[in-house]
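These notes concern the structure reproduced below.
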Amino acid sequence: MFTLTKRNTARLALALAAALALAGCTAAGASDDAAAAPAGEAVTVTDGWVKAAGSGMSAAFGGLTNAGTQDVTVVSATTEASPMLELHETVENETGELIMREIDGGFVIPAGQTLDLEPGGSHIMLMGLAHPLEAGEEVTFTLTFSDASTFEFTAPVKDYSGANENYDPS
């Protein structure tokens, strides 16, 4: 039988305090680390490239991989190659024609998955090019995520003549 003495009460209180402190540190530390990890640190780009263009519009493609444990959302992109970039999706309109349009809310990259940006699909649209984009050059982009973190990547410019969808500015 356990007798509650002053000495046993002190030991029990010390043991409970230590257990609570350890549990609190572990649980708080684990969730704080997960919540504190910026989206920009979880994303990588593979096989990135930009369509060569003499003027007007171009597009950037590649695989956006989210190695994190939470979905991330790309809300914007910037580059010195163009003063105006939009995150686009390609959809079929009511007449069956493929059109490009800005995607509402940005690109969501599910946790542990890759979002493919490709001709005829989702892509980063460069509008009003600052200068011609010639094959062999490189373009640097900065992606901004919904948590305000950023990720920078560089992609080569390549010749490409396919995926000539129409742009729907609405």
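Yes or no: LEU115 closer than 24 Å to GLY56 by Cβ, hydrophobic (A, V, I, L, M, F, W, C) and surrounded by 17 or more Cβ atoms within 10 Å (Cβ to Cβ)? The answer is no for LEU115. When the test is whether a residue is in a strand (DSSP E or B) and open to solvent by less than 40 Å² (accessible area, probe 1.4 Å), THR142 passes it.
Selection of the range 149-161 for residues being touching a residue at least 40 places away in the same chain (Cβ under 8 Å) and either outside any loop (DSSP other than H, G, I, E, B) or open to solvent by 60 Å² or more (accessible area, probe 1.4 Å) (or both) yields THR150, PHE151, PHE153, THR154, ALA155, PRO156, VAL157, LYS158, ASP159, TYR160.
Taking the range 76-93 on its own, how many of its residues are assigned to a strand (DSSP E or B) and open to solvent by 70 Å² or more (accessible area, probe 1.4 Å)? Residues in the range 76-93 being assigned to a strand (DSSP E or B) and open to solvent by 70 Å² or more (accessible area, probe 1.4 Å): 3 in total.
Would you call THR26 more than 26 Å from SER161 (Cα to Cα), polar (S, T, N, Q), modelled with pLDDT under 95 and open to solvent by 90 Å² or more (accessible area, probe 1.4 Å)? The answer is yes for THR26.
When you check ALA60 against the structure, is it farther than 24 Å from ALA37 by Cα, touching a residue at least 40 places away in the same chain (Cβ under 8 Å) and open to solvent by less than 40 Å² (accessible area, probe 1.4 Å), yes or no? In short, yes.
Of all residues in the range 94-112, exactly one satisfies the criterion of being open to solvent by less than 30 Å² (accessible area, probe 1.4 Å) and assigned to a loop (DSSP other than H, G, I, E, B), namely GLY106.
The values are calculated or read from the model by the stated rules, or taken from the named source; none is laboratory data. Please read all numbers here as calculations on a predicted model, not as lab measurements. Please note: Cβ atoms are built from the backbone with ideal geometry, for glycine as well, and neighbour counts cover all protein chains shown. Quick note on the areas: whole protein, heavy atoms, side chains included, nothing else; ligands and nucleic acids left out. Shrake-Rupley method; radii C 1.70, N 1.55, O 1.52, S 1.80 Å.
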